[in-house]
Amino acid sequence: HEGYLYYFHGQILTCLDARSGERIWRSRPPGGRALILAGGHLLTVAKNGDLVAVAATPEGYRETARLPVFDEESYTPVSVAQGYVYLRNLKQMARVKITDQATLAVAETPAPRGVIAELVARLQKAPEPASRTAVLDDFMQQRRFPIVEGSLVHFVYRGDIDDVALVLGMDRDVAMTRVEGTDFYYHTEELDSAGHWEYHFSHYDEPRVDPLNPLLIGTEPRVRNELRMPEWPVPDFLHEPTGARGRRESFSFISESRGNERTIEVYLPADYDAGESRYPLLLVTEGDRALEVAKMDVSLNNLIGTAAAPAIVAFVPGDQSEAFGDHRDAFVRM
């Protein structure tokens, strides 16, 4: 539109100069999936189900109208016909009449809770930047992060940055709240006190680990933070084994069906060399993740001989899109 491209990168709305390729701006709101242009406005269904109109301009993200319609997001572009906008998600359909009177609904920011509410109250009483910095410095020095307060978990990020989101588990992605006049971001979740979580932060679409939490899982480029809730019972099979251990060997080969080189890690049980026994074979897809994040070889050392029979386990690297997507048949042949 008028020399600029507008698109979603993931759920980040982005404006690009079509001639130079330069990124002009990007915005986490409204967090939609599909986009159309109508009358100089970009129309989408936001992550929370609102119908949103955004000015199609390189001057920056500016909402021109917002109307609550659904309770959930939509994966489908809206349609415009004869003065109406038609939209649907996986559960509902709706028709919205277009008028010349803009409706601007403002999404409410959740009220801070627990120790974060106390901190925000202290910051509001400290009008000078230096005093706010002192309050934050004092708060940060006295805590371990994330802050677990009963079932409440307060995730905290501090830094001079224009966007931070929390990515919790596989599907929870939420923008963190910035305390006005500070470099302090927070988000509070209510989690099972016996739970175990993987999380990280995201600057727009760039993943970042939590620098305040030393518990890390995985290896580059997919390093994430680990959150162990106070009542989480650490399973015995995750501890380093004290008895007999199996070993890992690796080999590489060229896959003709996939047209690339693969390195397979193979776990051999502790008694593999003791005789002529044959063993069942277990193939683990996303094998690199199973080893790096889940520490599956540690579990095997603990479980084989007690809760599981000896087996050979081959860890095949790759992701779900390869195993279940368009390349599935070639992946199976490989």
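The values are calculated or read from the model by the stated rules, or taken from the named source; none is laboratory data. The shown structure was predicted, so the numbers you read here are calculated from the model rather than taken from an experiment. Reconstructed Cβ throughout: ideal geometry from the backbone, glycine too, with neighbour counts over all protein chains shown. Remember, those area values only see protein heavy atoms, side chains included, never the ligands or the DNA or RNA. Shrake-Rupley method; radii C 1.70, N 1.55, O 1.52, S 1.80 Å.
Quick rundown of the values:
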{"quantity": "Residue that is closer than 15 Å to LEU5 by Cβ, open to solvent by less than 30 Å² (accessible area, probe 1.4 Å) and out of contact with any helix residue (DSSP H, G or I) (no Cβ under 8 Å at 6 or more places or on another chain), where the choices are VAL45, VAL54", "calculated": "VAL54"}
{"quantity": "All positions within segment 63-119 that are of a type in the set (A, V, I, L, M, F, W, C), outside any loop (DSSP other than H, G, I, E, B), closer than 30 Å to VAL135 by Cβ and free of Cβ contacts under 8 Å to residues at least 12 places away in the same chain", "calculated": "ALA117"}
{"quantity": "Within segment 270-294, tally of residues that are surrounded by 15 or more Cβ atoms within 10 Å (Cβ to Cβ), within 14 Å of PHE315 (Cα to Cα) and not polar (S, T, N, Q)", "calculated": "10"}
{"quantity": "Subset of segment 239-268 [of a type in the set (Val, Ile, Thr) and surrounded by 11 or more Cβ atoms within 10 Å (Cβ to Cβ)]", "calculated": "THR263, ILE264, VAL266"}
{"quantity": "Qualifying residues in segment 302-334 (those that are within 20 Å of ARG247 (Cβ to Cβ) and in a helix (DSSP H, G or I)) - the one least open to solvent (accessible area, probe 1.4 Å)", "calculated": "ASN302"}
{"quantity": "Residues of segment 146-157 satisfying the condition of being modelled with pLDDT under 95 and more than 16 Å from ALA117 (Cβ to Cβ)", "calculated": "none"}
{"quantity": "Subset of segment 293-306 (residues that are closer than 25 Å to GLU276 by Cβ and within 34 Å of the chain's Cα centre (by Cα))", "calculated": "ASP297, LEU300, ASN301, LEU303, ILE304"}
{"quantity": "Verdict on SER299 being more than 23 Å from GLU220 (Cα to Cα), of a type in the set (Ser, Thr, Tyr), open to solvent by less than 70 Å² (accessible area, probe 1.4 Å) and touching a residue at least 60 places away in the same chain (Cβ under 8 Å)", "calculated": "no"}
{"quantity": "Flag for SER255 being touching a Lys or Arg at 6+ places or on another chain (Cβ under 7 Å) and hydroxyl-bearing (Ser, Thr, Tyr)", "calculated": "yes"}
{"quantity": "Every residue from segment 141-162 that is without any contact (Cβ under 8 Å) to a residue 60 or more places away in the chain and surrounded by 12 or more Cβ atoms within 10 Å (Cβ to Cβ)", "calculated": "ARG143, ILE147, GLU149, SER151, LEU152, HIS154, PHE155, VAL156, TYR157, ARG158, GLY159, ILE161"}
{"quantity": "Search result, residues across segment 100-140 that are aliphatic (A, V, I, L, M) and open to solvent by 60 Å² or more (accessible area, probe 1.4 Å)", "calculated": "ALA102, LEU104, VAL106, ALA107, ALA111, ALA130"}
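For every residue, the table says whether it meets (1) of a type outside the set (D, E, K, R); (2) open to solvent by less than 20 Å² (accessible area, probe 1.4 Å).
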residue: ARG172; (1), (2): no, no
residue: GLY181; (1), (2): yes, no
residue: ALA194; (1), (2): yes, no
residue: PRO207; (1), (2): yes, no
residue: ASN213; (1), (2): yes, yes
